[in-house]
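Questions regarding the structure given below will be posed in turn.
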Amino acid sequence: MSTNPVQTSPSMGASPREATRASRYLQLALLVIAAGAIYPILYLRQVYQPTMLEVFHISEAQLGYLYSALGTIFLVCYLPSGWLADRIAPRVLITFSLIATGALGLWYSTAPSIASLVVIFGGWGLTTGLTFWAAIIKRVSLIASADEQGRFFGFLDGGRGLIEAMLATIAISLFAWITNSRGESNAAGFRVVVYLYAFLCIGLGIVLGLVRDPQSGAATQEKRNDSNVLRELGALIRNRELLLLSGIVFCGYQVFWATYSFSAYLHEKEIGLTVVMAGAITTLKLWMRPIGGIGGGFLGDRFSKISVLVAALFCAALALLVLIAAPHIASHALVAVLVLFIGVMTYAIRGLYWSLLDQCNVRAETMGLAIGLVSVLGYMPDTFLPLVNGYLTQNYPGVLGYQIYFGYVACMAALGGVAGLIFKHRIDRKEAQQ
């Protein structure tokens, strides 16, 4: 049994240990649905980009500016998001985020002007970044008991992916029914799709607002009022386990980014897959998310979260190196299996790295700030990896640019595995001393 201090900290004693198992899993299910419902409305361009350009009367460049602004707001909001989650109950933040995101979605459905779209996307950056991100991570950490951290975060990521896939299937079916069966315009079909996500967010916000937080706030709130954010941030920066966790997220998140390039890579003439076949393989990879996320979480709780995470990072690194040799692999079926395997490893990594927060000796009243710090450092690849990918694929045409890119990501995955081994060594040494 682990004896890390977080599990016995007085500041956390009133949280998941006193809640019933059924209650905690019900709250987790609601949080998974919330996380799976709130983000897709922001990224409808993945499926409906031509329709969006038509409905909003904007260019691809203008759409790119909207998403660039959204990503910038996310990066800026990570740290204050954590600070806010330490001072306002996660239930309140999550409820506000869902309802506000849905309300902005209803405005979005009216096909407003480009100026209004800038406001909407800016608002979404705040409602899903500032008020939602750290709050949901913190709440999952609080409702999970010490031996459930792996599976709870695995369910959060894997379940979120499953919800997104299910909602996307329902949405595209509605769109097809409106536009094909009823013969209405693409704008009408897109409006119904937006309604689906917007009303779902609002409804979930109302339901989650009625569910009590799993923490008792009085003592913790008193500490929050007397706290100094700069001093707390300084203490977190000196927490070596937390910095190692940031490094693991930084490296592991880049493996996820690499998967965005699989379809284009497989379609290169040296490999020879058709657009449809490459798209089908990469779409099937998306369904590996619940398998990797949930399966990795259960394995982590059964054996060791950090050990399973390290194994997934090294396996992903090795598989990416093999993928580089795809032009020399005669069997397309084998290439497909390789892509699916990388998908499982990727989602296992995503589902596990936040579960290590429980082993970083972070007090409950500064957990949100810790989540913000790890997010700022760990998700920094959002700012430079698209540029790296674009530079390599433009200056090294064909498969070579992708091969260099995958080689770089494989090195980062291996580096993340090394960081995980150091993390494990430090935790094992502390537990031995206790």
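First select every other residue whose beta carbon is under 14 angstrom from the beta carbon of F423; then total the charges, Lys and Arg +1, Asp and Glu -1.
Local net charge: +2.
Check every DSSP H run in the chain and write down those whose alpha carbon atoms cover 27 angstrom or more along the long axis and whose mean Kyte-Doolittle hydropathy is 0.0 or greater.
60-85, 149-176, 186-209, 240-258, 305-324, 332-353, 399-433
If you don't mind, another one. Given N residues in region 12-226, what is Rg(Cα) / (2.2 N^0.38 Å)?
1.09
Taking the Cα centre of the chain as origin, sum charge times position over the Cβ atoms of Lys and Arg (+1) and Asp and Glu (-1), and report the length of that vector in debye to the nearest 20.
The dipole magnitude comes to about 620 debye.
Choose one of A85, A330, N186: the residue whose Cα lies farthest towards the positive end of the charge dipole of the chain (beta-carbon charges +1 Lys, Arg; -1 Asp, Glu; about the Cα centre).
Highest projection toward the positive end goes to A85.
Right, here's the next one. Whole angstrom only: what separates the Cα centroid of region 157-181 from the Cα centroid of region 264-338?
Answer, in whole Å: 24.
For each of M345, M380, M166, count neighbouring Cβ atoms within 10 Å of the residue's Cβ, then give the residues from fewest to most.
Fewest-to-most Cβ neighbours within 10 Å comes out as M166, M380, M345.
Another question about this same structure. Using a simple spin-label model with points 7 Å from Cα along the Cα→Cβ vector, what separation in nm is obtained for S185 and Q62?
Once both label points are built, they end up 1.6 nm from each other.
Which number comes out as Rg/Rh for the chain once both Rg and the Kirkwood Rh are worked out on C-alpha atoms?
Ratio of gyration radius to Kirkwood radius: 0.97.
Determine the dipole magnitude for region 12-226: charges of +1 sit on the beta-carbon of Lys and Arg, -1 on that of Asp and Glu, nothing else is charged, the reference point is the Cα centre, and the result goes in debye to the nearest 20.
360 debye
Provide the gained length on full extension for the span R240 to H425, in nm with one decimal, where the gain is 0.36 nm per separating residue minus the Cα-Cα distance.
Extra length from R240 to H425 when fully extended: 65.4 nm.
Bins of 10 Å, beginning at zero and ending with the bin holding the largest distance: percent of Cα pairs per bin for region 228-434, please.
Values per bin, smallest distances first: 9, 33, 33, 17, 7, 1, 0.
Using Cα-Cα distances under 8 Å and only pairs 6 or more residues apart, what relative contact order does the chain have, in percent?
The value is 27 percent.
Full-extension gain between A264 and M166, please, as 0.36 nm times their residue separation minus the C-alpha to C-alpha distance.
Full extension of this stretch gives 32.8 nm more.
Can you give the local net charge around G154? Use residues other than it whose beta-carbon is closer than 14 angstrom to its beta-carbon, Lys and Arg +1, Asp and Glu -1.
+1
Quick note: the coordinates plus some simple rules give every number you see, no bench work behind them. Since we're looking at a predicted model, the values are computed, not measured. Here the Cβ is made from the backbone with ideal geometry for all residues, glycine too, and neighbour counts use every protein chain on show.
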